[in-house]
1. Among P284, P343, which is open to solvent by less than 50 Å² (accessible area, probe 1.4 Å), on the phi < 0 side of the Ramachandran plot and assigned by the TED database to the domain that holds G216?
2. Say we look at the range 393-412 and pick out the residues that are in a loop (DSSP other than H, G, I, E, B) and open to solvent by 30 Å² or more (accessible area, probe 1.4 Å); which of these is nearest to V120 (Cα to Cα)?
3. For the range 169-228, give me every one of the strands (runs of 3 or more DSSP E) that falls completely inside it and has 1 or more residues that are without any contact (Cβ under 8 Å) to a residue 40 or more places away in the chain and of a type in the set (D, E).
4. Among the residues of the range 414-432, which ones are over 21 Å from I109 (Cβ atoms), of a type in the set (G, A, S) and open to solvent by less than 40 Å² (accessible area, probe 1.4 Å)?
5. Scan the range 349-361 and tell me whether some residue there is of a type in the set (A, V, I, L, M, F, W, C), open to solvent by 20 Å² or more (accessible area, probe 1.4 Å), in a strand (DSSP E or B) and touching a residue at least 12 places away in the same chain (Cβ under 8 Å).
6. Take the range 255-268 and flag every residue that is surrounded by fewer than 19 Cβ atoms within 10 Å (Cβ to Cβ) and either modelled with pLDDT under 90 or more than 15 Å from S215 (Cα to Cα) (or both).
7. Within the range 368-391, count every residue that is open to solvent by 30 Å² or more (accessible area, probe 1.4 Å) and of a type outside the set (A, V, I, L, M).
Amino acid sequence: SFQNEINEVPFFDIQLPYELALKIFQYLGKTELGRCAQVSRTWKVLAEDEVLWYRLCQQEGYLLDMSISDHSCWKLALKNCRARERTLKTNWKNRIGAVSQLQYELGKILCDVHSCDGVVIAGYTSGEVRLWDTRTWDYTAPILEPMHGPGDAGPQPHVSFVRINSSLAVAAYEDGMVSVWSLMFGREPIHRYQHNQRIQALALGSEGATVATASGFEVKVESPNDRGFWQTTQTFEIQKLVNFLNLVPDVTGSPVTVAAAEDIVYLLKAEDPGKVLHSVYGQPVTCLDVSAHEAAFGVKTFGWLLNEPNQILLYNLETSQCLKKMGNSMGDFTCVNLQNSPPNMLVTGNKDRRVRVFDLRKSESLCSFYAHQLGVSAVQMDDWKIVSGGEEGLVCVWDQRMGTKLWEMHARHPVRHVWFNSHSLITANIPDDKTPRGASITDDDLTAHRKHRGIIYAYEFSVDQLAVESILPICRSSYDEVTGYNYNIGLAVPYDNI
């Protein structure tokens, strides 16, 4: 009511219209607005105007999908968002939260794991593919059914690769078959196709419905047409066997694929089918990641060029120019993460046991952590932390600015998948040996011994979000199995406060 009475706002010795005064105040930050609110009653109304605080909330990246009418007090909303972020950071640093294991005994041994936004997909040696939604505690994972043909009575082929995005799940099998499921329409595949040789690489677009697979000297790209029928939209013949395959995100028009085949990196577009992005004879590519405009990959150089050790190269996908050569280490770069890193940043792992962070505007690394005994196998970073996984089975969480290790967790097999967002972390330890001796793989025993199986962990750090009624996994356990104990993670169990 008071706000409606203000038409003129006193600015020292002149009177300004409210709208004009508001325009001046929109250049102020939180602290300045707080000070202005103490000047006078009129200025307080102005400094607490919803438009100003809504804009500040958006600028800081909170509640981006909301309109101004969704909250009655945006100043309070901003305060709550910042408090929640601080709590989350504290929980991450001190490992306060809940951890659960995503297990499926009948799958025998884990072959590949991938995740998108808290939904995890896993493929097993039994040929089964399984999903978990870690955002809800009481969710039990469905098994995605393969399409059984009439002659499929025998054992199913192993799963080679799995991928998932917000709408699709894809699995490639040892016999060259690829199945695509829709996450909306239940368990039967909506599409499947066959390669006549083993599949070396599988890629799924981060959004939308495009799948790319590489087998032999062929890369196939499949996607649905306007009427929703899946078809092969592109087929590329290339000279060497593909090791790494990525679909470029956020491409309008026909999909663009980046394939690394031994020492050549191809940029595969419909209009320019055999375009070579990078090729140096005898220098194989050791890892690859692709963002909307750039591709980053590790290149292994052999000892005769001592002045140019192993490097990460950064290419612009529009101009096909090499923008940067980064790092020079004696070990091979084994993993690189460009797409999920903050702007102008890149994080890599190396066989020389180090995790390095690069600023794409400079050539030398910003920081380098001595991390994993047998080499680094998976990395991801955000603006303050790095999570790395190693061949020896350790997952480490690092504070990037301080250069210190916050905590670590160990499991038996190499870490092959690491994914996190602001409040959860998913890690997968996948065995290299898929047919271990003495793992009771006889037909009458459907499970493999736990030590051979591999393991997926899901951590949840925003304990405040969990309703009191939702039972944590530790409380659901029967207490007679090893997995019941809490791995030094502080858990809220019902009988903690009686």
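1. Details: P343 fails: open to solvent by less than 50 Å² (accessible area, probe 1.4 Å).
Among P284, P343, only P284 is open to solvent by less than 50 Å² (accessible area, probe 1.4 Å), on the phi < 0 side of the Ramachandran plot and assigned by the TED database to the domain that holds G216.
2. Of the range 393-412, the ones in a loop (DSSP other than H, G, I, E, B) are 393, 400-403, 411-412.
Those left that are additionally open to solvent by 30 Å² or more (accessible area, probe 1.4 Å): 400-403, 412.
Details: Q400: 27, R401: 30, M402: 31, G403: 30, R412: 20 Å.
Result: R412.
3. Details: elements: 177-182, 191-194, 199-204, 211-215, 218-224.
Hits in the range 169-228: 218-224.
4. Result: S424, single match.
5. No, that holds for no residue.
6. Quick first cut of the range 255-268, residues surrounded by fewer than 19 Cβ atoms within 10 Å (Cβ to Cβ) only: 262-263.
Across the range 255-268, the qualifying residue is only D263.
7. So the first thing to find is which residues in the range 368-391 are open to solvent by 30 Å² or more (accessible area, probe 1.4 Å), and the list is 368, 370, 373-374, 382-384, 391.
Those still in the list that are of a type outside the set (A, V, I, L, M) too: 368, 370, 373, 382-384, 391.
Residues that pass the stated criteria total 7.
To keep it simple, each residue is scored yes or no on (1) within 24 Å of N80 (Cα to Cα); (2) open to solvent by 90 Å² or more (accessible area, probe 1.4 Å); (3) part of a helix (DSSP H, G or I).
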site: L16; (1), (2), (3): no, no, no
site: K23; (1), (2), (3): no, yes, yes
site: L28; (1), (2), (3): yes, no, no
site: Q38; (1), (2), (3): yes, yes, no
site: K44; (1), (2), (3): yes, yes, yes
site: V51; (1), (2), (3): yes, no, yes
site: L56; (1), (2), (3): yes, no, yes
site: Y62; (1), (2), (3): yes, no, no
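The values are calculated or read from the model by the stated rules, or taken from the named source; none is laboratory data. Worth saying up front: this structure is predicted, and the values here are computed from it rather than measured. Positions of Cβ are backbone-derived with ideal geometry, glycine not excepted, and every protein chain shown enters the neighbour counts. Heavy atoms of the whole protein, side chains included, go into the accessibility calculation; ligands, DNA and RNA do not. Shrake-Rupley method; radii C 1.70, N 1.55, O 1.52, S 1.80 Å.
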